[in-house]
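*Asks:* Quick one: this structure, given as structure tokens, is what I'll be asking you about.
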Amino acid sequence: MPAPPAEIAPPVAGNPAPALADCTPALDLSAAPRAMIAVTLTAPCAAGDRVVLRHAGLTVAERLDAQGKLVLDLPAFDPAGEVSVLFADATQLHSAVAVPDAAQVHRFAVQWMAEDSFQIRAVESGEAYGDASNVWAEAPVSAHGGYLMALGDPGLDLPMMAQVYTWPADPAISADPVVEAAVTDLTCGRELLGETIETAPAGPVVRDLTLAMPGCDALGDILVLNNLAGDVTLTAGN
């Protein structure tokens, strides 16, 4: 004979079934010093997932932690402070916070995807390119107050990365950021694609960046792109 169907015990009075976890994601923004946007993203049911953040043309991919949380600062490129987040399941969040002091900062960024790779080196106060005083990934803050931020998680599938340079607060201090591209076994013999973003009185200016890399016999060389606020000029690197 077939076994009788199992009986489902009724809930015991005073002991309701446990509530399901609240999976509603939340995006909280606040204005932070130095024209930054403090971002707190919570998504309890998306722990470890890749998310894409966008602000004023800046687009980077980050990873939520084991609790489904991400906390980071984004450099503001306009005072409106609008930020959007795209999740892997196509869910989107949008928020904004006023960042009034963004109108007083000068910023320049380069961004890229996957194996394309660029970096910023800023020469301040008339110093020479290649000096130890240059602002770059290994020396991200200068004695004059200029600084460089790296954004994006390189360990993600299809990483979306950016570097952002902010000029010194003193307008009397000059700065000239250039974009470098190293010839590696991942970049040689092909075309690199990216974008630059620069603050401007009428709003951030986004420009496409395309660079044909030399062949793999040039491994170790560095190409340098100057004058990216206007026409792009390729010069010899080291």
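The values are calculated or read from the model by the stated rules, or taken from the named source; none is laboratory data. Not measured: the values here are computed from a predicted model. Cβ: placed from backbone, ideal geometry, glycine included. Neighbour counts: every protein chain shown. We work out accessible area using only protein heavy atoms, side chains counted, and drop any ligands, DNA or RNA first. Shrake-Rupley method; radii C 1.70, N 1.55, O 1.52, S 1.80 Å.
*Asks:* Please go through (1) open to solvent by 30 Å² or more (accessible area, probe 1.4 Å); (2) modelled with pLDDT of 95 or more for W112 and return the number of the only condition it doesn't satisfy.
*Replies:* Here W112 clears every test but (1).
*Asks:* May I ask you to say which residue of A212, A218 is in contact with a Lys or Arg (Cβ under 9 Å, 6 or more places away or on another chain), of a type in the set (A, V, I, L, M) and surrounded by fewer than 17 Cβ atoms within 10 Å (Cβ to Cβ)?
*Replies:* None of the other options fit; the residue is A212.
*Asks:* Go through D176, D185 for me and flag whichever is assigned to a strand (DSSP E or B) and open to solvent by 40 Å² or more (accessible area, probe 1.4 Å).
*Replies:* Criteria check complete, one pass: D176.
*Asks:* Within the group A200, A236, A212, which residue is over 21 Å from the mean Cα position of the chain (by Cα) and at pLDDT below 95?
*Replies:* The match here is A236.
*Asks:* Next question. Select from the range 189-200 the residues that are out of contact with any Asp or Glu (no Cβ under 7 Å at 6 or more places or on another chain), in contact (Cβ under 8 Å) with a residue 24 or more places away in the chain and at negative phi and list them in ascending order. Give the derivation first.
*Replies:* Let us first name the residues in the range 189-200 that are out of contact with any Asp or Glu (no Cβ under 7 Å at 6 or more places or on another chain), namely 189-191, 196-200.
Okay, now just the ones that are also in contact (Cβ under 8 Å) with a residue 24 or more places away in the chain, so 189, 196-199.
Of everything in the range 189-200, those that are out of contact with any Asp or Glu (no Cβ under 7 Å at 6 or more places or on another chain), in contact (Cβ under 8 Å) with a residue 24 or more places away in the chain and at negative phi turn out to be T196, I197, E198, T199.
*Asks:* Let me ask something additional. Output the residues belonging to the range 19-56 that are within 18 Å of P159 (Cβ to Cβ) and in a loop (DSSP other than H, G, I, E, B).
*Replies:* G48, D49
Okay, residues lined up against (1) of a type outside the set (K, R); (2) under 27 Å from A31 (Cα atoms); (3) out of contact with any Lys or Arg (no Cβ under 8 Å at 6 or more places or on another chain):
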{"site": "P100", "(1), (2), (3)": "yes, yes, yes"}
{"site": "V105", "(1), (2), (3)": "yes, yes, no"}
{"site": "D116", "(1), (2), (3)": "yes, no, yes"}
{"site": "A122", "(1), (2), (3)": "yes, yes, yes"}
{"site": "A132", "(1), (2), (3)": "yes, no, yes"}
{"site": "S142", "(1), (2), (3)": "yes, yes, yes"}
{"site": "Y147", "(1), (2), (3)": "yes, yes, yes"}
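*Asks:* Moving to a separate point now. For the range 197-208, how many residues meet the condition of being out of contact with any Phe, Trp or Tyr (no Cβ under 7 Å at 6 or more places or on another chain) and either outside any strand (DSSP E or B) or surrounded by 13 or more Cβ atoms within 10 Å (Cβ to Cβ) (or both)? Give the derivation first.
*Replies:* Of all residues in the range 197-208, those out of contact with any Phe, Trp or Tyr (no Cβ under 7 Å at 6 or more places or on another chain) come to 200-203, 205-208.
Filter again for either outside any strand (DSSP E or B) or surrounded by 13 or more Cβ atoms within 10 Å (Cβ to Cβ) (or both), leaving 200-203, 205-207.
The total comes to 7.
*Asks:* In addition: Quick one: how many residues across the range 136-152 are in contact with an Asp or Glu (Cβ under 6 Å, 6 or more places away or on another chain) and either on the phi > 0 side of the Ramachandran plot or not in a loop (DSSP other than H, G, I, E, B) (or both)?
*Replies:* Residues of the range 136-152 that are in contact with an Asp or Glu (Cβ under 6 Å, 6 or more places away or on another chain), as a first pass: 142, 144, 146.
Imposing the further condition that a residue be either on the phi > 0 side of the Ramachandran plot or not in a loop (DSSP other than H, G, I, E, B) (or both) reduces the set to none.
Total satisfying the criteria: 0.
*Asks:* Separate question: Starting from residues that are over 14 Å from the mean Cα position of the chain (by Cα) and open to solvent by less than 50 Å² (accessible area, probe 1.4 Å), keep the ones in the range 48-85 and report whichever is nearest to D101 (Cα to Cα).
*Replies:* As a first pass, look at the range 48-85 and keep what is over 14 Å from the mean Cα position of the chain (by Cα): 48-49, 64-69, 78-82.
Restricting the remaining residues to those that are open to solvent by less than 50 Å² (accessible area, probe 1.4 Å) gives 48, 64, 68, 78, 81.
Values: G48: 33, L64: 29, G68: 31, D78: 9, G81: 11 Å.
Residue satisfying both the conditions and the ranking: D78.
*Asks:* So is A98 outside any strand (DSSP E or B), aliphatic (A, V, I, L, M) and without any contact (Cβ under 8 Å) to a residue 60 or more places away in the chain or not?
*Replies:* Numbers: outside any strand (DSSP E or B): yes; aliphatic (A, V, I, L, M): yes; without any contact (Cβ under 8 Å) to a residue 60 or more places away in the chain: no.
Criteria not met by A98.
*Asks:* Taking the range 25-40, which residues are loosely packed, with under 13 Cβ neighbours inside 10 Å and of a type in the set (K, R)?
*Replies:* If the condition is that a residue be loosely packed, with under 13 Cβ neighbours inside 10 Å and of a type in the set (K, R), then no residue fits.
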